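Data first, discussion second: the structure below is written as structure tokens.
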Amino acid sequence: MGSAPDELEVSLWRGGEAGRYEAYRVPLKENQTVLDLVTWIQRYLDPTLSYRFACRVGMCGSCAMTVDGRPRWTCRTLVAKILKGRRLEIGPLQNLPVIKDLAADMRPFFEKWQRAKGVFAPSQTRREAPAKIPPQSALRIAADAAIECINCGICYAACDSVRWNRDYLGPAALNRAWTLLNDARDKGNAERLRAVSGKDGCHNCHSHQSCERHCPKALNPTASIAGLKRKTLEAYLTGRIAG
Amino acid sequence: MSARTLGHRRDPLWLAALLHRLSGVALAAFLPVHFLVLGLAIGGGGRLEGFLRWSEEPLVRLAEGGLVFLFTLHLLGGLRLLWIENFPWRGGQTGIALLAALVSAAAAFFFLLILF
Ligand code: SF4
Ligand code: SF4
Ligand code: FES
């Protein structure tokens, strides 16, 4: 299928797991994002196309898809910046089940946040005075570096360790666990260290850095996971967790 | 899915991980052969002598150069990983991995220079 100079051939994944790519022609416009292409197809060519987005400004993390083989946040990815030639292929995020078309099922991803104890465990109640965390404290600085995650699942889709072990907790959940481990107000660390050091925990990571390479928020889950590896080893050597 | 779904692997650091893995497998496969040759010395030197003469063939020497490359690459790659995982993060890992590959190539080159 050829395309006119001001047109693009966009192949979209259609169907569930056993779907296929289908090609569409979309007019090229200035400052067009990948999400704009998908939306145009849904508005003008096929209203049954399923995909997910909400904020369109890089905050909600819901619009991630596989674009020409790489996971990307589509609302903030300009077509002009990534286009090579006149074709683009857009599919659902990898390493997750496909619900339909471009919508991946994020449940396994969020279940792992729970399994990694990525939930704040407060050590105080609202009746006590707010905790004072000095911005320059080492813990605060470590947590800060990892805290801006928008739960988009891009790192998870780029991680080959997830591909090889579907039960591996993955970069995002472990990165979250790392922020809580450095949160002076949290009291869940004993349990958290046990959760992240298990068979499917941080020691599955091979430090490929694919997660860091693709994270749209420029976070570094590889560094967070390295921190977890050190902390879990320390906890093991001091007898706080069993082998 | 399509052949283009693995784009995240088009990255120097992914290649570094792959080479680390492959060089490790190659070295592990080489080790038993290495011990076998050393074992030749035990049953009288004759067979070892023969082997050592064979190992002076240019092609065999070239292969030894390859071995030096794989060994250095695996060693430096392993040190880089230990560094990442045990010390505060340092950026520029692509450059460091590239440097490790260059140093390995240089080590193999000098090894061959000395041999030939
Ligand atoms: S560094 Fe670890 S978590 Fe990140 S992509 Fe590689 S294996 Fe996955
Ligand atoms: S760490 Fe980055 S890539 Fe992973 S879910 Fe959070 S924002 Fe997305
Ligand atoms: S739509 Fe919210 S991050 Fe893209």
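For residue A:99, the residues whose modelled amide H falls within less than 5 Å of its own, excluding neighbours fewer than 5 places apart on the same chain, are A:104, A:105. For the stretch A:1-137, a Kirkwood hydrodynamic radius built from all Cα pairs, placed in the Stokes-Einstein relation at 10 °C and 1.306 mPa s, yields a translational diffusion coefficient of 93 µm²/s.
Among A:214, A:206, the order of accessible area from largest down is A:206, A:214, computed with a 1.4 Å probe on protein heavy atoms. How much of the DSSP bridge set in the stretch A:7-104 is antiparallel, in percent, rounded to the nearest 5? Of the beta bridges lying entirely in the stretch A:7-104, close to 80 percent run antiparallel. Remark on the protein assembly as shown: hydrodynamic radius 23.6 angstrom, per the Kirkwood mean of 1/r across alpha carbon pairs. When each full DSSP H helix of chain B is screened for a Cα extent of at least 20 Å along its own axis and an average Kyte-Doolittle hydropathy of at least -1.0, the helices passing are B:12-40, B:58-86, B:93-115.
Computed over the stretch A:112-161, the P(r) curve from all C-alpha pair distances, binned at 5 Å from the origin, holds 4, 13, 14, 23, 20, 13, 7, 4, 1, 0 percent per bin. Here nothing in chain A passes the span test, since no DSSP H helix has an alpha carbon length of 27 Å or more along the helix axis and a Kyte-Doolittle mean of 1.6 or above.
Cross-link pairs exceeding 19 Å in C-alpha to C-alpha distance, out of A:29/A:84; A:199/A:229; A:132/A:217, comprise A:132/A:217. Here's the list of aspartates and glutamates a cross-link from residue A:100 could span, going by alpha-carbon distance under 12 Å and ignoring same-chain residues fewer than 8 apart: A:17. Rolling a 1.4 Å probe over the protein chains gives residue A:57 an accessible area of about 80 Å². Note on residue A:231: aspartates and glutamates with a C-alpha under 18 Å away, same-chain residues under 8 apart excluded, are A:144, A:183, A:186, A:191, A:200, B:85. By a straight-distance test (C-alpha under 17 Å), which aspartates and glutamates pair with residue A:81 as possible cross-link partners, with residues fewer than eight away in the same chain excluded? Partners found: A:6, A:7, A:9, A:30, A:36, A:68, A:89. Normalised by residue count, the stretch A:116-227 yields a Cα convex hull volume of 97 Å³ per residue.
Spatial offset of the stretch A:28-104 relative to the stretch A:178-243 amounts to 31 Å, using the alpha carbon center of each. Remark: the Cα gyration tensor places the stretch B:1-60 in the prolate category, a/c being 1.5 or greater and a/b exceeding b/c.
Comparing the full protein assembly with the isolated chain (1.4 Å probe, heavy atoms, ligands and nucleic acids excluded), the residues of the stretch A:199-216 losing at least 50 square angstrom of accessible area are A:207, A:208, A:209, A:213. Expressed as a whole percent, the accessible area of the protein assembly as shown that falls on carbon and sulfur atoms is 62 (1.4 Å probe). Backbone amide hydrogens, once placed in the peptide plane, bring residue A:7 within less than 5 Å of A:28, excluding anything fewer than 5 places away on its chain. The mean accessible area for residues of chain A, using a 1.4 Å probe and ignoring ligands and nucleic acids, is 49 Å² per residue.
The values are calculated or read from the model by the stated rules, or taken from the named source; none is laboratory data. Everything numeric here is computed off the predicted structure, so don't read it as measured data. Ligands, DNA and RNA are excluded from the accessible area calculation, which covers all protein heavy atoms including side chains. Shrake-Rupley method; radii C 1.70, N 1.55, O 1.52, S 1.80 Å.
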